[in-house]
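Data first, discussion second: the structure below is written as structure tokens.
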Amino acid sequence: MLQENITDFLDACKQNHFSAKSLESFSLRLREFDEFFTSRSLNHVAEIRYKHLMDFVSSGNRSPHIKKQRV
């Protein structure tokens, strides 16, 4: 659903010289984000609501570190 947006965001980060570690982390979390919303049958960014975002942050691994990265 969000692959083009994710690619554009990561390209912008590369142009602004983000570290390889940051890019790897962003890529992982954004892929999780995309998979989460695809599994919820959301087809457009406009369909995402606050509750969806809260569900994403608290889904799966509930460690504070992962939640912080997802936010």
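The values are calculated or read from the model by the stated rules, or taken from the named source; none is laboratory data. Computed from a prediction, not measured in an experiment: that's the story for all the values here. FYI the Cβ positions are ideal-geometry reconstructions off the backbone, even for glycines, and counts take in every protein chain you see.
Within region 38-61, the set of residues being in contact (Cβ under 8 Å) with a residue 12 or more places away in the chain, surrounded by 13 or more Cβ atoms within 10 Å (Cβ to Cβ) and β-branched (Val, Ile, Thr) comprises 38, 57. A search for C-beta distances below 7 Å between a residue of region 15-37 that is in contact (Cβ under 8 Å) with a residue 40 or more places away in the chain and any residue that is among the charged types (D, E, K, R) and surrounded by 11 or more Cβ atoms within 10 Å (Cβ to Cβ), counting only pairs 6+ apart in sequence or on different chains, returns 29/70.
Taken as a whole, the condition of being in contact with an Asp or Glu (Cβ under 8 Å, 6 or more places away or on another chain) and touching a residue at least 24 places away in the same chain (Cβ under 8 Å) applies to residue 70.
Could you please let me know if residue 41 is in a loop (DSSP other than H, G, I, E, B) and of a type in the set (Ser, Thr, Tyr)? So residue 41 fits the description; yes. One residue stands out among those in region 1-37 that are under 17 Å from residue 59 (Cα atoms) and acidic (Asp, Glu): the one that is surrounded by the fewest Cβ atoms within 10 Å (Cβ to Cβ), which is 35. For region 15-60, filtered to residues that are polar (S, T, N, Q) and touching a helix residue (DSSP H, G or I) at 6+ places or on another chain (Cβ under 8 Å), the residue that is nearest to residue 2 (Cα to Cα) is 27. The set of residues in region 48-71 being part of a helix (DSSP H, G or I), at pLDDT below 90 and among the charged types (D, E, K, R) consists of 67, 68, 70.
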